[in-house]
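Below you'll find the structure, written out as C-alpha cells, and then a few comments.
The values are calculated or read from the model by the stated rules, or taken from the named source; none is laboratory data. Quick caveat: nothing in here was measured; it's all calculated off a predicted structure. Cβ placement follows ideal geometry from the backbone for every residue including glycine, while neighbour counts extend to all protein chains displayed. Side chains are part of the model used for accessible areas, which takes the heavy atoms of the whole protein and leaves out ligands, DNA and RNA. Shrake-Rupley method; radii C 1.70, N 1.55, O 1.52, S 1.80 Å.
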Amino acid sequence: MVILRRLTGILLLLTACGGSRADEPLTLLTFDIPPLVNEQEGRQASGYAYRVVERMFELAGDEFRLEFQPPKRALRSAMELPNTCAFPVDRSQERETSLSWIGPVSVSRHGLYSHPDRPHPIATLDDARQWSISSYLGSGVGEYLQTQGFDIHLASKPYLGLLMLQANRVDLWIADTRAAPLIARAQGIELNEPELVFFTTLRSMGCNTSIPQERLRKLERALLTLYRNGELADIIELAP
Amino acid sequence: MRNGTPEINLSVKVTLPLLVSGLAAFPAHADVYTDAAERWLTNEFTESTLSHEQQMDELAWFSQAAAPYRGMTIRVVSERIDTHVYEANVLARAFRDITGINVIHEVTGEDDLVKKIRAQMDTGLNIYDGYINDTDFIGTHFRYGKTVALSDYIQAEGAEVTLPTLDLDDFIGLDFGTGPDGKLYQLPDQQFANLYWYRHDWFSRPDLQRQFETQYGYPLGVPQNWAAYEDIAEFFSHRVQRIDGQRIWGHMDYGRTDPSLGWRVSDAWLSLAGAGDTGLPNGYPVDEWGIRMDGCHPVGASVARGGALNSPAAVYAITKYVEWLEQFAPPQAFELTFTSSGEWIAQGQVAQQVFWYTAFMPALTAPTSRVTGQDGRPLWRVAPSPRGAYWQEGMKSGYQDAGGWTFLKNTPADRLAAAWLYAQFTVSKTVSLQKLLVNLTPIRLSDIESEQFGEQAPYLGGLVEFYRSNARNIWTPTGVNVPDYAALSGYWWQHLSQVLRHQASPEEAMTALARDIDITLEELGNDPDLSCAPQLNPPRPEADWLQVPGAPKPRLTQQPTPVTLPYREAIEQW
C-alpha cells in the first residue's frame with residue numbers, strides 16, 4: 001500500500017509538472033521603464049520592448065501573464081520561480097548562467113547624465129571614476145561599473161537615480177538614453193544631453209532555467225523570424 | 001616605408017584630392033591635430049620601431065584621412081583584458097585628439113562580446129561599428145557572408161582610409177584571421193598564449209629537488225607530460241604544503257559555473273590531452289573541439305559520427321581537469337573565473353599551473369606582485385604545457401588567443417571607415433610597441449624583434465623567447481572547423497559545470513555535449529546560405545571508428561612514464 005501510494009503520488013506529480021509545462025502561460029515580470037515598457041492600469045503595458053515580446057509570443061503561439069515588479073525583484077523572481085521570466089533585463093556574462101535567455105528584445109545605449117548646473121565633461125569612461133554615480137538595483141550596467149570599482153549608488157527604481165542627481169547626492173546618473181528624457185519629463189526635471197553615451201547592452205527576456213528548452217527555443221525562433229522579416233526594424237530604433 | 005621598401009603588399013593609395021581637401025577644409029584644425037600628435041608622441045608613444053619623424057608622418061596621415069569623419073562618434077567593443085582597457089582609456093583619447101573622431105571603446109566580458117556580435121548578425125541592427133573579436137570566430141565569419149573581408153575592403157572602398165604603413169606582412173597572426181577562401185576577415189589587435197607556468201625559484205631549491213627525487217624517482221623539473229604534472233601537483237599540495245610558513249598549492253585552475261568555464265576546455269585542452277588528430281593548425285580530420293571534417297564540411301562531433309568529443313581521450317581530459325581541481329588546487333579555485341583566476345598566481349601561493357593565459361602577465365610584473373624577486377626579476381617561468389597520454393608528435397601543442405578587428409557588412413559606410421581608421425591606429429607602428437611594453441600581447445614581428453622588447457626578456461620569464469620562436473605559429477586559436485562559435489560555445493560550460501557539481505560523470509557530460517553539438521551542426525547544415533555547411537555523417541557503431549587509425553582513439557591501457565626536463569631544455573622545443 002505504501003508503495004502504491006508513493007507511485008500514485010509520483011504519477012500525480014509528473015502529471016502536474018507536465019500540465020504546468022504544456023498548459024500554463026508563462027509569468028512575465030516587467031517594470032515601468034518608458035519607452036521600453038510603460039505600465040498601464042490593469043496589468044496592461046505598452047512600449048516597444050513589450051511589443052517585441054508580445055509579437056514573439058503571438059508568432060510562437062504561446063501565452064503569457066504579465067506582472068509588474070521592481071527590476072531587482074523581477075530578476076530574482078525569474079531566477080527562483082518556475083515558469084517565470086523577466087524582461088527587459090540587461091544580459092551579461094555575470095548573469096548568463098543564472099537564467100535562460102531570449103533576445104534581444106531591445107538594445108539600449110546607456111548615458112552618463114550630469115545635473116544641468118553641475119556639468120562634468122567626460123571623454124572616456126575612465127574620466128567618470130572620480131564621480132559618484134546613481135543607477136538602479138537590477139541594472140546590468142550599474143553592476144558592471146561596480147565590479148570595475150566605480151562609486152555606484154543603486155536606487156530601487158530607475159527614476160529614483162535621477163532624483164538622487166537632482167538632490168545633489170550623486171554627480172552623475174546612468175540611464176538608457178531613450179528612457180532618460182521621458183523619466184526627466186515625468187519628474188518635471190530639466191536634463192541635458194548625456195556627457196557620454198558609454199555602454200550598450202542587449203536587453204533580453206531572462207527565464208527560469210527549469211522552463212523546458214524546447215518551449216524557449218520556439219520563442220527564440222519566432223523572435224529571429226521577426227528580426228529577419230524586418231518587422232522589428234520599425235519597433236526597435238537604435239541611435240548610432 | 002622601411003629600408004626603402006614598400007611596407008604593404010596590397011596596392012593601397014591615398015588619393016591626393018582627399019589629402020588636399022582634408023587639409024584645406026580644416027586649416028585651423030590641422031595645427032590642433034599636429035600639436036596633439038606631438039604631445040602624444042612626447043608623453044605616451046615614446047617607444048616605437050619608427051623614428052619620431054616617421055611617427056609624425058603616420059599621425060599626420062591619420063589626421064588627414066579622418067577629416068571627412070570629424071565630429072563623428074563611433075562605437076567599438078572588446079573583451080576585458082588589460083590591453084583593451086589601455087586602448088579604451090589611452091588610445092581612444094589619443095585618437096580623438098589627433099583625428100577629431102570620438103571613440104566609445106567598450107570593454108566587456110568575452111561572452112558578452114560573443115552575444116553582441118551574434119546579435120548584430122541576427123538582427124541587422126548597427127549595434128557596434130567594430131568588434132575586437134577572437135579569431136576563434138573565423139569559421140563563423142567566412143561561412144555566413146556577413147563579415148567584411150578586410151583584404152577586399154582595403155583594395156576597394158576602404159583604400160582611401162587604409163594606412164599606407166599598415167604593413168600587413170608584419171603581423172604575426174594574420175593566418176589566424178584568414179578564411180579558407182584566402183581572405184582576411186580579422187586583423188589581429190592583441191595576442192596571448194596559453195602556457196605552463198611555474199615557480200622557478202621553488203623548483204630550483206636543492207632541498208625540494210632532493211625530496212622530490214627521493215619520493216618520485218626522477219628529477220623535479222618542467223613536466224613534459226600530465227603524469228609528471230600530476231606528481232608535482234601532489235608533491236607541492238600534499239607533501240610540501242607550506243613554504244616560508246605560507247600554505248601553497250601544486251596546481252591552480254578555475255571552476256565557477258560561468259561561460260569562461262567553457263573556453264577553459266574548448267581552448268585546446270582536448271588537443272593537449274591528445275584527443276584530436278595530428279596536423280596544424282588545429283588537427284585534421286579531427287580538431288581540438290573533437291569535430292571531424294570532410295573537406296571544409298564539419299561532419300560530426302560524437303564518436304558515432306567520427307568525432308572525438310566523447311572519445312576516451314576527451315573523457316580522460318575532463319577527468320584530469322576535475323581531479324586536479326578537486327585534489328590539488330586551492331579551495332577558492334572552484335569559485336574563480338577566467339578573469340579572477342588569471343591574476344591569482346601573483347599572490348605567491350601556487351607552484352605551477354598547467355594552463356595559464358599570458359594575458360595576465362601584467363599582474364605578475366606589477367609592483368603588488370609577490371612573485372617578483374628583490375632584483376625585480378621574476379621568480380617564475382613559462383614553458384610549453386605538458387601533454388596528456390594521447391598526445392602524439394605533430395599535434396597541436398597549445399592555444400593562442402588572437403583578438404582581431406572585425407567589421408560587419410551592415411555597418412554604414414562612413415561609420416565603417418571611421419572605425420577602420422581607429423582600428424589601424426590601435427595597431428599602427430606608432431603605438432604598437434608602447435602598447436606591447438605595457439600590456440605584453442604582441443602582434444607585430446617588428447615589435448617582437450625590437451631592442452626594447454628584447455631588453456624585457458629577463459623580466460618576463462620566457463614570454464620574449466616564446467614570441468621570438470616558431471612556437472608563436474603553432475600555438476593556435478580555434479580553427480575553421482567550428483562553423484558557428486556563438487551557437488556552439490555555450491554548450492561547453494553547461495555540460496562541464498554538471499561534472500564539477502557531480503551531477504554527471506565526465507563520460508556522461510561529454511556524451512551529452514557531443515549530442516548537443518551534433519544537433520546544432522545538423523540544424524546549421526539546413527541553412528542554404530552557409531558556406532561549407534555541416535553535413536553530418538550517419539551514426540555508426542563507435543567501435544568501427546575507434547579501430548580506424550587516428551582520432552577518435554581507443555582507450556589507452558597504459559599510462560606514460562612521467563618525464564621532466566630542466567627549464568632550458570624544455571624551452572628549446574620552441
**Fill in**
The lone condition B:Q186 fails out of (1) in contact with a strand residue (DSSP E or B) (Cβ under 7 Å, 6 or more places away or on another chain); (2) modelled with pLDDT of 95 or more; (3) open to solvent by 10 Å² or more (accessible area, probe 1.4 Å) is (3)
**the range A:126-143 residues that are free of Cβ contacts under 8 Å to residues at least 60 places away in the same chain and within 19 Å of A:Q69 (Cβ to Cβ), paired with ones that are assigned to a helix (DSSP H, G or I) and open to solvent by less than 10 Å² (accessible area, probe 1.4 Å) (beta carbon under 6 Å, 6 or more apart)** = A:S135/A:G142; A:S135/A:G161
**Fill in**
Over the range B:100-136, the set of residues more than 7 Å from every other protein chain (Cβ to nearest Cβ), touching a Pro at 6+ places or on another chain (Cβ under 7 Å) and not hydroxyl-bearing (S, T, Y) is B:D134, B:D136
**Only one of A:G103, A:G188, A:G161 that is buried (at least 23 other Cβ atoms within 10 Å of the Cβ), without any contact (Cβ under 8 Å) to a residue 40 or more places away in the chain and out of contact with any His (no Cβ under 6 Å at 6 or more places or on another chain)** = A:G161
**Asked** Of the residues B:A94, B:A88, which single one is of a type in the set (G, A, S), outside any strand (DSSP E or B), in contact (Cβ under 8 Å) with a residue 24 or more places away in the chain and within 13 Å of chain A (Cβ to nearest Cβ)?
**Response** B:A94
**Request:** Kindly provide the set of residues from the range A:186-209 that are within 14 Å of another protein chain (Cβ to nearest Cβ) and over 30 Å from B:N102 (Cβ atoms), ordered by number.
**Result:** A:M205, A:G206, A:T209
**Asked** Do any helices (runs of 4 or more DSSP H) lying entirely in the range A:1-107 carry at least 2 residues that are at pLDDT 95 or above, and which ones are they?
**Response** A:48-60, A:71-80
**Request:** Output yes when any residue across the range B:243-256 is in a helix (DSSP H, G or I) and on the phi < 0 side of the Ramachandran plot, and no when none is.
**Result:** no
**Prompt:** Which numbered condition trips up B:G342, out of (1) touching a residue at least 60 places away in the same chain (Cβ under 8 Å); (2) open to solvent by less than 10 Å² (accessible area, probe 1.4 Å)?
**Reply:** (1)
**Message:** Residue under question is B:T140, and the condition is that it be away from chain A (no Cβ under 14 Å), farther than 23 Å from B:W475 by Cα and buried (at least 24 other Cβ atoms within 10 Å of the Cβ); does it hold?
**Reply:** no
**Fill in**
Picking from B:T257, B:T278, the residue that is surrounded by fewer than 23 Cβ atoms within 10 Å (Cβ to Cβ) and within 14 Å of chain A (Cβ to nearest Cβ) would be B:T257
**Asked** Among the candidates A:L145, A:L112, which residue alone is outside any helix (DSSP H, G or I) and not assigned by TED's automatic domain parsing to the domain that holds A:P34?
**Response** A:L112
**Message:** Take the conditions open to solvent by less than 10 Å² (accessible area, probe 1.4 Å) and not small (G, A, S) and apply them to B:H84. Does it pass?
**Reply:** yes
**Item:** Residues located in the range B:156-166, provided they are in contact (Cβ under 8 Å) with a residue 12 or more places away in the chain and open to solvent by 10 Å² or more (accessible area, probe 1.4 Å)
**Value:** B:E157, B:A159, B:E160, B:P164, B:T165
**Message:** Out of the residues in the range A:217-229 meeting the condition of being part of a helix (DSSP H, G or I) and open to solvent by 10 Å² or more (accessible area, probe 1.4 Å), tell me which one is farthest from the other protein chains (Cβ to nearest Cβ).
**Reply:** A:K218
**Complete:** By residue number, the members of the range A:110-142 that are within 12 Å of chain B (Cβ to nearest Cβ) and farther than 20 Å from A:D32 by Cβ are A:L112, A:I122, A:A123, A:T124, A:L125, A:D126, A:D127, A:A128, A:R129
**Prompt:** Of (1) more than 9 Å from chain A (Cβ to nearest Cβ); (2) out of contact with any helix residue (DSSP H, G or I) (no Cβ under 6 Å at 6 or more places or on another chain); (3) assigned to a strand (DSSP E or B), B:G71 satisfies all except one. Which?
**Reply:** (3)
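Condition check ((1) closer than 13 Å to B:G262 by Cβ; (2) in contact with a helix residue (DSSP H, G or I) (Cβ under 9 Å, 6 or more places away or on another chain); (3) within 14 Å of another protein chain (Cβ to nearest Cβ); (4) of a type outside the set (D, E)) across all residues:
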| site | (1), (2), (3), (4) |
| --- | --- |
| B:N481 | no, yes, no, yes |
| B:H495 | yes, yes, yes, yes |
| B:L513 | yes, yes, no, yes |
| B:L530 | no, yes, no, yes |
**Asked** B:F137 passes all but one of (1) closer than 30 Å to A:L226 by Cβ; (2) over 25 Å from the mean Cα position of the chain (by Cα); (3) not in a loop (DSSP other than H, G, I, E, B); which number fails?
**Response** (2)
